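One structure below.
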Amino acid sequence: MRFTPYRYIYILILSIFLVPRYSSGQEVFKSEIDSDAITNALRQHIEYLCSPRLYGRSTVTGHDHMASQYIDSIYGSLGLSVYSSYSHYPYYQHYNIVQTVPLQRTLVTPHRIFEYGRDFLNLGPDPAKNIEYEVVFGGLGEYDEIDSLDLKGKALLILSNNLRVAGMKVEEHAKSKGCAMVMVANPSSSKQFFYISQQLSDNHNSIQYRVADEKPKPLSRFFARFGDPIPQLLISDDLAEYLLREKPLNIWKRLQSKEPKGRPAVNSIVKFDYHFLNDTIPTQNVIGFIPAARINQQSVILGAHFDHLTPEGQRWFPGADDNASGTAVMIEVARLLANDYQNGYMPNRNIVFAGFSAEEIGLLGSQHYYNNPLFPVENTTVMLNLDMVGRLGKQSEAKKSVYLGGSNRLKEFSESMQTVNSDSTIVIDSESLAGISLFTLSDHYHFDNRGLPAYLITTGMHNDYHKSSDTPEKLSIEGMQDMVKLIYQTVRHFADSENPWEIL
């Protein structure tokens, strides 16, 4: 549910009569930073979020609900504008997650059954279940040969010396002829199939999660360029030989030498039998905001995920730095800005505070918010993602470093952040995370991937990452207090400035 404009009209009318208005450039109220109060509040947040009662705040087990309720109650006490007025928890953004457990996946022929992982892999969407497909041989996948074939509703089988890219080369061309799927074998290097199968074993055997009503993600990153790809199967030599009625290597050699009659006749029928156990997991983001002085659709988003890992038996993961720290800092920045608002402050842009669930199982909460935003995502001035911000000053180097990650206007954002930073002991580092893919895997990803200015803000990786040893006593509460001040100053800059990307 999206926020309607009527609440803004109500707020605007009240502000005309009750609240002093500030034009751009005027001196406006800023909170007096009570360090002791912030320190005590941060300790309270961390203690609760990491308590055994919350058992790691896993979305899968439902323990993230208690974290959601905690954040919702604080948002309410701060008087933030609500996401929805039709819920017992008015700051909730409800959504469902589909959990899929693979049980058995087979390719069935009239005389043999072939198993997923051992005989075939699927890099794209799954073929339709229990529908018979005629297999048509397309040689080496040359376009002129594909053009000569009747592929409508059929499976195209080609031979290639590179399983990773062969299907991609013919994907769109085959699809334009009504092809139902592409099958690829590599007889020149029969071991390549098994190497790829081993690399993808975690993917094709593990539990998968997705937001309900969203399409499952394909295993291959190359499918990102296809809006609606057809299935692409990599098959073993054994399966290829069964379908072709001859050793694929012999056919390969004949085709390479352009011998006459190098192309065999194929008359094979396949169908697929998949057995999955699906379950639905309800969860929610927690969204509150401070409205802009004048009705507009621009927003500054401050986000942090509050979920953590699923317990393993009796072993659970407190997730103090990942990401109780980011959640606690976000709450305290919201407290400062809400206090400003109560004292007459009205920003030029809407300020959104987004607590995301389901980050650890695929960045799902931020994906759902991106697709169902409070304000249009294209009008996002900046998105700040706090993830693991609890060890400022405890890094291996002597300096206190805040690391930034992002792809769009990162240098400008870093310079803006450094300009508003009032603590000369903090170094803003926008270079150390460059090229490290791990640091793209956080909730800013969906915004960053669409070209929006969105940034990971972190105090860095450590040996306790995703271990049960990520506990509260290893955090620097003083460093988190410094993070609250820095993020508060940064949000104020981007929410207030007429041109926030203009470096002073």
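Annotations for the structure displayed:
- Here each label is just a point 7 Å from Cα along the line to Cβ, and for ASN449 and GLU412 those points are 2.4 nm apart.
- Förster radius 45 Å - calculated FRET efficiency between ASN278 and SER437 (Cβ-Cβ, nearest 0.05): 0.90
- Ratio of Rg to Rh for segment 29-116: 1.29 [Cα atoms; Kirkwood radius as inverse mean 1/r over pairs].
- DSSP beta bridges in the chain [antiparallel fraction, %, rounded to 5]: 55
- Selection among TYR488, VAL184, TYR370 by position relative to the dipole of the chain gives VAL184 as farthest towards the positive end (Cβ unit charges, Cα centre).
- Potential extension, ALA212-ASN371 segment - 0.36 nm per residue separation minus Cα distance: 56.0 nm
- Residue list for segment 43-60, given a label point 7 angstrom along the Cα-to-Cβ vector of GLU473 and an amide N cut-off under 16 Å: 47, 50-52
- Each distinct pair of alpha carbons in segment 54-193 adds a 1/r term; the inverse of their mean, the Kirkwood radius, is 19.5 Å.
- Using R0 = 51 Å, the C-beta based FRET efficiency linking TYR143 and THR419 works out to 0.40.
- Taking amide hydrogens as placed 1.01 Å from N in the peptide plane, the amide H of GLN93 sits under 5 Å from those of ASN285, VAL286, ILE287, each at least 5 positions away in sequence or on another chain.
- Among 63-69, 231-237, 447-453, 422-428, sorting by the average number of other beta carbon atoms lying within 10 angstrom of each residue, highest first, gives 231-237, 63-69, 447-453, 422-428.
- If the convex hull is drawn through the Cα atoms of the chain, its volume per residue in Å³: 172
- For the chain: accessible area per residue (Å², 1.4 Å): 45
- Quarter of the Cα convex hull surface for segment 359-463, i.e. its orientation-mean projected area (nm²): 7.2
- Packing-based ranking, highest mean first, of 350-357, 481-488 given that Cβ atoms within 10 Å are counted: 350-357, 481-488
- Trypsin sites (Lys or Arg not before Pro) restricted to segment 154-214 and DSSP loop, no more than 16 other C-beta within 10 Å: LYS177
- For the chain, the Cβ-based charge dipole about the Cα centre amounts to some 1140 debye (Lys, Arg positive; Asp, Glu negative; other atoms uncharged).
- Cβ-Cβ FRET estimate between SER35 and THR100, R0 fixed at 56 Å, reported to 0.05: 0.70
- Net charge dipole size for segment 130-216 [Lys, Arg +1 and Asp, Glu -1 on Cβ; Debye, nearest 20]: 260
- Fully extending the segment from ILE269 to LYS152, taken as 0.36 nm per residue of separation minus the present Cα-Cα distance, adds 40.7 nm.
- Across the accessible surface of the chain, with the other protein chains kept in place and a 1.4 Å probe, carbon and sulfur atoms take up 50 percent.
- Sorting 128-135, 369-376 by their mean Cβ neighbour count within 10 Å, with the most densely packed peptide first, gives 369-376, 128-135.
- Gain on full stretching of the segment that runs from TYR195 to GLU312 - 0.36 nm per residue minus C-alpha separation: 39.2 nm
- Counting only lysines at least 8 places from LYS175 when in the same chain, those with an alpha carbon closer than 23 Å to its own are LYS129, LYS152, LYS154, LYS215, LYS217, LYS271.
The values are calculated or read from the model by the stated rules, or taken from the named source; none is laboratory data. What you see is a predicted model; the values in this text were computed from it and never measured. All Cβ positions, glycine included, derive from the backbone under ideal geometry; neighbour counts span all protein chains shown. We work out accessible area using only protein heavy atoms, side chains counted, and drop any ligands, DNA or RNA first. Shrake-Rupley method; radii C 1.70, N 1.55, O 1.52, S 1.80 Å.
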